[in-house]
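Step one of this worksheet: look at the structure below.
The values are calculated or read from the model by the stated rules, or taken from the named source; none is laboratory data. Computed from a prediction, not measured in an experiment: that's the story for all the values here. Here the Cβ positions follow ideal geometry from the backbone for every residue, glycine too, while neighbour counts run over all protein chains shown. Keep in mind that these areas ignore ligands, DNA and RNA; they rest on the heavy atoms of the full protein, side chains included. Shrake-Rupley method; radii C 1.70, N 1.55, O 1.52, S 1.80 Å.
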Amino acid sequence: MDMQESNGLDQAIDQAITQRHSLKFRHASALAKLMDEREDLRGTYAFADFVDDSLRWSA
């Protein structure tokens, strides 16, 4: 593997990591908004409650 191929691979990995962080933030934000709008959803899915509580404590 030459230096040019290595740089291309590094750029692809960096792009994938950036995209993953962006999606993670977008999904967490959407979940927080949904849980604020729909109080009746609390208690229906434990992991959603966990993420919502985590977001509230970290804000």
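Report the local net charge at A48: Lys and Arg +1, Asp and Glu -1, summed over other residues whose C-beta lies under 12 Å from its C-beta.
Combined, the nearby Lys, Arg, Asp and Glu give -1.
Okay, helix-only estimate at 222 nm for the chain: each DSSP H run of n ≥ 4 adds -39500 (n - 2.57), divide by all residues, round to 500 deg cm²/dmol; what do you get?
-28500 deg cm²/dmol
Taking a probe of 1.4 Å, how large is the accessible area per residue of the chain, in Å²? All intermediate terms of the calculation are to be shown ahead of the outcome.
Numbers: 5250 Å² over 59 residues.
Accessible surface, normalised per residue, equals 89 Å².
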